Structure formats: C-alpha cells, structure tokens
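The block underneath contains the structure these notes are about, expressed in structure tokens.
Computed from the coordinates by the stated procedures, all read-outs in this text should not be read as laboratory data. Nothing here was measured: the structure is a model prediction, and the numbers come from that model. Note that each Cβ is placed from the backbone with ideal geometry, even for glycine, and that neighbours are counted across all protein chains shown.
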Amino acid sequence: MTEPPRGAPTSGPRYPDPSLVPPVRRTNVLAVISLVAGLCGFTLVPVMGSIVAVVTGHLALGQIRDTGEEGSTLAKAGLWLGYVAIALMVLVITGVIVLVVVRTGTP
C-alpha cells in the first residue's frame, strides 16, 4: 500500500474547538446609522442628516453602554459630524442675518 504524500492530511478537515473561539460582538445598528447620517449631513440632506446623526448617536451610546455591543467609535464620529454640521449651519444663518441687517440699515 502507498503512503500519503508528506504533509497531506491524514483525515477529514479539522475544526477549531468551539470553546476556544471568542464570541463575536455585534456592532450597534444605531451607531452605523449615526455615522451615515452624519456624513449625509454634509452632502445630501444637511439639516435632517445632522439631526438624525445627533439623535441616533446618543441613543447608540446608551444602548452600547447597556448591552456591551461594539460601535462606540462610530456613534461618537456620527455625533461629531452632526454637531459640526449644525454649528456650521448656525454660523451661516447668523452671518446671513447680520449681513441683511447691516445692508438694510439706515444710510
């Protein structure tokens, strides 16, 4: 009888011991939504995207704290993007109002 080539498996596939594989931690869905909405706040839907990013970011951080899921960095990034977009909108609106008041002032 011939021997199997050197290094060839002698039996079927070997699977790792399930007790040695660490459990997979899920990423919080609201954290992902917060990041996507924060990015949309600068591009597609500035007002709604920013508000959704802030609200879902805070909700995600609360859920992550309670459940131990992954995604706190995503939620914080969504919060930052949302707050920065809102601050920029407030600055632009304030600048426009100041410009209108100065231009329509009495000569």
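Residue separation of residue 6 and residue 67 scaled by 0.36 nm, minus their Cα-Cα distance, works out to 17.0 nm of gained length. Highest mean first, the peptides 61-68, 26-33, 14-21, 50-57 sorted by other C-beta atoms within 10 Å per residue fall in the order 50-57, 26-33, 61-68, 14-21.
Long hydrophobic helices in the chain, taken as whole DSSP H segments with a C-alpha length of 27 Å or more on their own axis and mean Kyte-Doolittle hydropathy at least -1.0: 46-67, 72-103. A simple charge model with +1 on the Cβ of Lys and Arg, -1 on the Cβ of Asp and Glu and nothing else charged puts the dipole of the chain at about 220 debye relative to its Cα centre.
Taking amide H atoms as placed 1.01 Å from N in the peptide plane, the amide H of residue 70 lies under 5 Å from those of 26, 27, 28, each 5 or more residues away in sequence or on another chain. In the chain, the calculated helix contribution to ellipticity at 222 nm averages -21500 deg cm²/dmol per residue, counting -39,500 (n - 2.57) for every DSSP H run with n ≥ 4.
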